[in-house]
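Before any comments, here is the structure.
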Amino acid sequence: MFWRKTYLYLLPMLLWASVASALPNKRSTEQLLSAIDRAIDKKEAVQQKRIERCDSLLLVAKRTSGQQRLDALFSLYYLYESFQTDSTLSVLNRIERTPEYAIDTHLRIRCTTLRARTFGMMGLYADAYNCLEEVQSQLTEDSERLLYYNALHTISGWRADYCQRSQPELSKRLRKEASLYHDSIAMLEPDEANRIIVRTNKMYDQGNYIGCIDTLLANLDNWSDTQQVYAYSRLAQAYDKMGDSKNAIHYLALTALGDLEAGNTEYMALPLLAQQLFLAGDGQRAYYYLLCSLEDATFCNAGLRTVEASAIFPIIDRARMVAENTRDRVRLIIFLILIVVMLLLAIGTWGLLRQHRRLNHVREALAEANSRLKQGNKQLQAANQQLQSADKVKEEYLMKYLTRSRRYLSAMESFQRQLYRLLQARQTDELAKQLKSNQFMADEQAHFYTDFDEAFLALYPNFIEDFNTLLLPEAQIIPKRGELLTTELRIFALIRLGETDSNQIAKFLGYSLTTIYNYRSRVRNNAIGDKEKFEENVAKL
């Protein structure tokens, strides 16, 4: 029931607005803008608290199992969803590695649909649609269908926003496609307030902006904070469509304040508010808001929001530069007038000012040269550190090679002395037994595997986890307790290192050519996606 109630029909930027303080609609727009300024100043502290909540949930997930662990992980997912998409995917990967995921079809459907939402937020629309296509035929419960249709509607809307400037016809078609899901969502949505929100969205898409506004304002006071903040966003859009910029700015400010106080980094209200403020003549504040939006969108890895803010930023930045240049020209004119007055007063003073001006140019040139020198020093230090790191790795693995060789030679010397003692003692039967035994080679082979496994995993610590993402869940390869790599993992570790010849792999690992072929074929047949490109994908890990 926890996850069924979580997915309200809201844009992703508002999923965590409920943790923000109540946003009273009675505050003036200027009061709201001042509150936004303060929220931006302290956003790092707010986001740090959100990170601490994430860390606490992750700790709970590590210390628990079963449904309690799943609840903690899904709570962590929702906390990350409008905050940092890379971490969101990492949480989904954790869920997919739980025992419950392998046996629970509903859990797999839910995770795949949530992964589609995350891909959509990142701007990976093809991957998002592939995930939704994967679960389309498996939906059996209303909650799954609601989640699925919400994801389709949201991703189509994001994609329409993304291509609005470059492909307006495609954007129009995508918006029409997104609106087709309104009725399906309304039928499946159990919450009355959310059904009203769906109806207002449909009104908005149909151009009935007055009906949308009236319905939202009539129900606003009875809704939760989360629903109220979503309503503010839709009210801002409706007022903007009607040409009422004053109310559009007011409700955009309410929405943006909710995002910032919740610690969200994926949002659209603040850059839109910046655009409206710029058109209203407040260029300085617009520039400040856009800088904040770009910084948060980059942190979140939200592709659409980065594109939106980046498209608006050059216009406002150019206007800011023009205004600053105008002020500079005014200052220059005043300065020249003062110079002329001073020239009339005393030629000597003019000479001093002229010398002072030359000195300033020299200082600026020196400062610029010093800045370039510092930058060059930083780059040189970084290069030196990289070289030192590379040398350290070479030295470490050279010592591993020398240690391994010395240990093998010592083992051979010890084995030789043992055989010689048996020969001197004329213990021919024991000597023959020792010569026939494979134990020595088996022990050395085991030592060799251990050394290889340790060296490879030191170079590629995430290889096993990354390799398993290329396989079907039921075919993933997990080493046993006390084991670093399995035979299959060693074969594909060599492929990762660039050795693809089965003959060479067989010689290296001490197996027959047939065994190597069988292992490679069996693992490749369990690959996700194009099996012909499986080993090519392994080589890229």
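The values are calculated or read from the model by the stated rules, or taken from the named source; none is laboratory data. Keep in mind that this is a model prediction, so the values were computed, not measured. Every residue, glycine as well, gets a Cβ built from its backbone with ideal geometry; the counts of neighbours run over all protein chains shown. These accessible areas exclude ligands, DNA and RNA; they are computed on the full protein's heavy atoms, side chains included. Shrake-Rupley method; radii C 1.70, N 1.55, O 1.52, S 1.80 Å.
Taking the listed residues ARG195, ARG159, ARG199, the one that is open to solvent by 40 Å² or more (accessible area, probe 1.4 Å), under 20 Å from THR118 (Cα atoms) and either touching a Pro at 6+ places or on another chain (Cβ under 7 Å) or charged (D, E, K, R) (or both) is ARG159, with no other qualifying.
Criterion applied to GLU535, GLU444 was being open to solvent by less than 40 Å² (accessible area, probe 1.4 Å) and under 30 Å from LEU422 (Cβ atoms), and the one residue passing it is GLU444. Elements of the type helices (runs of 4 or more DSSP H) sitting completely within region 53-146 and holding at least 2 residues that are touching a residue at least 24 places away in the same chain (Cβ under 8 Å) and buried (at least 18 other Cβ atoms within 10 Å of the Cβ): these cover 66-81, 85-96, 105-122, 125-136. When you check VAL46 against the structure, is it modelled with pLDDT of 50 or more, farther than 17 Å from ALA269 by Cβ, open to solvent by 30 Å² or more (accessible area, probe 1.4 Å) and aliphatic (A, V, I, L, M), yes or no? Here the answer is no, as VAL46 does not meet what is asked. Determine, yes or no, whether ASP282 is farther than 22 Å from ARG199 by Cα and surrounded by 24 or more Cβ atoms within 10 Å (Cβ to Cβ). So ASP282 does not fit the description; no. On inspection, SER521 does not qualify as over 31 Å from the mean Cα position of the chain (by Cα), open to solvent by less than 40 Å² (accessible area, probe 1.4 Å), over 14 Å from ILE464 (Cα atoms) and of a type in the set (S, T, N, Q). Of all the listed residues (TYR408, TYR397), the sole one being within 25 Å of LEU484 (Cα to Cα), in contact with an Asp or Glu (Cβ under 7 Å, 6 or more places away or on another chain) and at pLDDT below 75 is TYR408. For region 190-238, the tally of residues that are in a helix (DSSP H, G or I) and without any contact (Cβ under 8 Å) to a residue 12 or more places away in the chain stands at 6. Could you tell me whether ALA493 is part of a helix (DSSP H, G or I), within 24 Å of ARG94 (Cα to Cα) and either of a type in the set (D, E, K, R) or at pLDDT below 90 (or both)? Judged against the criteria, ALA493 is not a match. Output the residue which, of all residues in region 483-518 that are among the basic types (Lys, Arg) and either closer than 20 Å to MET441 by Cβ or touching a strand residue (DSSP E or B) at 6+ places or on another chain (Cβ under 9 Å) (or both), is least open to solvent (accessible area, probe 1.4 Å). This residue is ARG490. Condition check for GLY498 on (1) over 28 Å from LEU89 (Cβ atoms); (2) not in a loop (DSSP other than H, G, I, E, B): one failure, at (2). Considering GLU413, GLU364, GLU430, the condition of being part of a helix (DSSP H, G or I), more than 30 Å from LEU489 (Cβ to Cβ) and modelled with pLDDT of 75 or more is satisfied by GLU364 alone. Among the residues of region 432-474, those that are within 30 Å of ASN537 (Cα to Cα) and of a type in the set (D, E, K, R) comprise ASP451, ASP453, GLU454, GLU465, ASP466, GLU474. Residues of region 147-156 that are in contact (Cβ under 8 Å) with a residue 60 or more places away in the chain and either small (Gly, Ala, Ser) or touching a Gly at 6+ places or on another chain (Cβ under 7 Å) (or both): THR154 alone. Output the residue which, of all residues in region 219-251 that are open to solvent by 30 Å² or more (accessible area, probe 1.4 Å) and of a type in the set (D, E, K, R), is modelled with the lowest pLDDT. Only one residue tops the list, namely ASP225.
The listed residues are GLY243, GLY207, and the only one of them that is under 23 Å from THR29 (Cβ atoms) and out of contact with any helix residue (DSSP H, G or I) (no Cβ under 6 Å at 6 or more places or on another chain) turns out to be GLY243.
Taking region 148-188 as the range and being of a type outside the set (A, V, I, L, M), in contact with a Cys (Cβ under 8 Å, 6 or more places away or on another chain) and at pLDDT 85 or above as the test, no residue passes. Evaluating ASN264 against the criteria (1) within 22 Å of the chain's Cα centre (by Cα); (2) modelled with pLDDT under 85; (3) outside any helix (DSSP H, G or I) leaves one unmet condition, (2).
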